[in-house]
Amino acid sequence: MSSSSSSSTTTTTTAPTSSSSSSGLPPPKESLARRFKFVWPILLTLNLGIGAYVYFSASKKDQDAKDAEEAATEVPSTPAPVPEKSAQTAVVALKPREPIPENQQRELFKWILEEKRKIKPKNAEEKKRIDEEKAVLKQFIKAKSVPSF
């Protein structure tokens, strides 16, 4: 009897059971990318939308600057056609505004001159243009009488 009991103890100690090994290790965790897989399409779409917005707003600013530059250099060869007034349109009388006092005009010219000094020119042509504008402003400030606008 003792031999049969010793053989049963050796078989139980040498052969581990499957239930004891699985309970000792935690189950494998799911990665964050798989856990939040519904968020990825939203993030990609949002990123694409922001990129498109930034790209097109920058290109629009560039286009506006080019259009303004072309309009400044372009001189129309024929005068613009004047639309005929119909009997149905009402004529609105413009109320003449009071002239700006001379001291306020001088202050305005001084402020414009300060702003022109803050501008950083991109090339020599722009620097020359800004210098000419500053010279005209200085003449207006030093003059005895200021031109009325």
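The values are calculated or read from the model by the stated rules, or taken from the named source; none is laboratory data. Model, not experiment: these values are computed from the prediction. Reconstructed Cβ throughout: ideal geometry from the backbone, glycine too, with neighbour counts over all protein chains shown.
Quick test of your reading of the structure: residue 140 fulfils all but one of (1) surrounded by 12 or more Cβ atoms within 10 Å (Cβ to Cβ); (2) farther than 22 Å from residue 97 by Cβ. Name the failing condition by number.
For residue 140, the failing item is (2).
Name the residue, out of 77, 22, 59, that is at negative phi, assigned to a helix (DSSP H, G or I) and at pLDDT below 60.
Working: 77 fails: assigned to a helix (DSSP H, G or I); 59 fails: at pLDDT below 60.
Matching residue, one of 77, 22, 59: 22.
Name the residue that is modelled with the lowest pLDDT, counting only residues in the stretch 94-113 that are among the acidic types (Asp, Glu) and surrounded by 10 or more Cβ atoms within 10 Å (Cβ to Cβ).
The initial filter retains those residues of the stretch 94-113 that are among the acidic types (Asp, Glu), namely 98, 102, 107.
Those still in the list that are surrounded by 10 or more Cβ atoms within 10 Å (Cβ to Cβ) too: 102, 107.
Details: 102: 84, 107: 90.
By that ranking, first place goes to 102.
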